[in-house]
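The values are calculated or read from the model by the stated rules, or taken from the named source; none is laboratory data. Bear in mind that the values here come from a model prediction, so they are computed numbers and not experimental data. In this analysis, Cβ positions are derived from the backbone assuming ideal geometry, glycine residues included, and neighbour counts consider all displayed protein chains. Ligands, DNA and RNA are stripped out before the accessible areas are found, and what is left, the full protein with its side chains, is counted by its heavy atoms. Shrake-Rupley method; radii C 1.70, N 1.55, O 1.52, S 1.80 Å.
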Amino acid sequence: MREPLPADPHAHLRVIEALYSGHHGWLFETLKKKLGNAMDAADLTHDTFTRVLASRVTCIEQPRAYLSCVAKGILVNWYQRKALERAYLEALSSLPPQQVPSPELRYVVLETLHQIDHMLDALPPLVKRAFLLSQIGGLKYHDIAEQLGVSLITVKRYMKQAFVQCLLLVE
């Protein structure tokens with residue numbers, strides 16, 4: 001779908017302008033129907049067009065199919081983010097009131113959780129699983145190797161890969 005940019009530097013903007021004016025309402029209504037919420041639908045519609053704008057495409061043969069595909073990816077991320085937020089808020093609800101963090105700290109923790117979740121999603125599935133078994137489950141490396149059906153050296157490699165990914169998050 002990506003083609004080299006033509007000599008006209010404004011071609012991309014004209015494509016996006018036509019896409020936006022011709023399909024913004026349709027995408028908004030589609031997302032509103034799916035989400036049952038106009039505010040979230042407006043945010044996700046905006047995010048979709050922002051991603052399309054950043055893509056630099058200059059030719060879109062099937063605009064609604066293209067927008068649906070982009071919006072679906074954004075929607076999946078949005079659902080994952082909301083599930084993570086619900087799990088965090090549910091965990092907070094079990095704390096005594098004096099231990100509940102301030103709204104500012106909750107925001108910082110949620111943003112950090114989103115970054116960690118994004119980082120973990122970048123890992124191959126077995127690496128992610130080994131990391132979670134170690135860090136959340138508290139399993140020893142040899143127990144992880146047994147559970148995953150891999151060698152101890154493989155678990156160590158997985159953990160190194162996960163820790164390197166964590167370090168990239170910190171930078």
**Study point:** Between 0 and 90°, nearest 10: helix 125-135 axis offset from the chain longest Cα axis
**Key:** 50
Study note, to complete from the structure: Relative contact order in percent for the stretch 1-126 (Cα pairs under 8 Å, 6+ apart) equals 25
Review point. Any idea what angle helix 103-121 forms with the longest principal axis of the chain, computed on alpha-carbon atoms, 0 to 90 degrees, nearest 10?
Key: 90
Study note, to complete from the structure: Among (i) 14.6; (ii) 9.7; (iii) 10.6, the value of mean projected area of the Cα convex hull in nm² computed for this structure carries the label (i)
Review point. How much area per residue is accessible in the chain when the probe is 1.4 Å and only protein heavy atoms are counted (Å²)?
Key: 66
Practice item. Relative to the longest principal axis of the C-alpha atoms of the chain, give the angle of the C-alpha long axis of helix 38-55, reported between 0 and 90° and rounded to the nearest 10°. Key: 80
Exercise for review: Run the dipole for the chain about the Cα centre, Lys and Arg Cβ at +1, Asp and Glu Cβ at -1, nothing else charged, and hand back the magnitude in debye, nearest 20.
Suggested key: 400
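What does the charge add up to near TRP26, with Lys and Arg as +1, Asp and Glu as -1, over the other residues with Cβ less than 14 Å from its Cβ?
Neighbourhood net charge equals +3.
Report, in debye and to the nearest 20, how large the dipole of the stretch 71-170 comes out about its Cα centre when Lys and Arg carry +1 and Asp and Glu carry -1 on their Cβ.
About 280 debye.
Please go through the residue pairs LYS34/LYS82; LYS32/LYS72; LYS32/LYS82; LYS33/LYS82; LYS33/LYS128; LYS72/LYS160 and name each one whose alpha carbons sit more than 25 Å apart in this structure.
LYS33/LYS128; LYS72/LYS160
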